[in-house]
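Okay, structure first, notes after.
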Amino acid sequence: QVQLMESGGGLVQPGGSLRLSCAASSSIFDGSIMGWYRQAPGKQRDLVAAITSSGGTRYGDFVKGRFIISSDNARNTVHLQMNTLKPDDTAVYYCNVRTARQTYWGQGTQVTVSS
């Protein structure tokens, strides 16, 4: 069973930065789409950013140039660099990998933006 292990969440002040990382336990990135979603209490889970194995990227409208997604296919890792964080970015962030056969989710990592 493939596992996705996230790290890098925590508490940060408004305007600060965090870098989330996700490592897959198996080589599943080739031909897949890797992404980050987030879910705040009482809200739906939204796409934050996604990247294909060939490097194409997509971002949620609310990102507005503040976040950068990247992946290292050889190491089966995907990262999300988050800059200029706002209180509205507070949520649980989930790593997601969508292969041709199956979709995998991480357990989630809490990001809290507060002074």
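No lab work stands behind these numbers, since they all come straight from the coordinates. Not measured: the values here are computed from a predicted model.
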Q) Residue by residue, what Karplus-based ³J(HN,Hα) values in Hz, rounded to whole numbers, does region 29-38 have, using 6.51, -1.76 and 1.60 with θ = phi - 60° and x for Gly and Pro? A) 6, 4, x, 10, 10, 10, x, 10, 10, 9
(Q) Can you work out the Karplus-derived ³J(HN,Hα) for every residue in region 76-92? Use 6.51 cos²θ - 1.76 cosθ + 1.60 with θ = phi - 60°, whole Hz, and x for glycine or proline. (A) 6, 10, 9, 10, 10, 8, 10, 10, 6, 5, 10, x, 5, 7, 4, 4, 8
Q) Counting only residues 5 or more places away or on other chains, whose amide H sits under 5 Å from the amide H of T90 once H atoms are built in the peptide plane? A) V113
Q. When each pair of different Cα atoms in the chain is counted once in the 1/r mean, what is the Kirkwood radius in angstroms, to one decimal?
A. 14.0
Q: Tell me which residues come under 5 Å, amide H to amide H, from L85 once H is placed; ignore anything under 5 positions away on its chain.
A: G15, G16
Q | Relative contact order of the chain, defined on C-alpha pairs under 8 angstrom at six or more residues apart (%) | A | 36
**Q.** P(r) histogram, all alpha-carbon pairs of region 19-61 included - 5 Å bins from 0, percent
**A.** 6, 19, 24, 25, 16, 7, 3
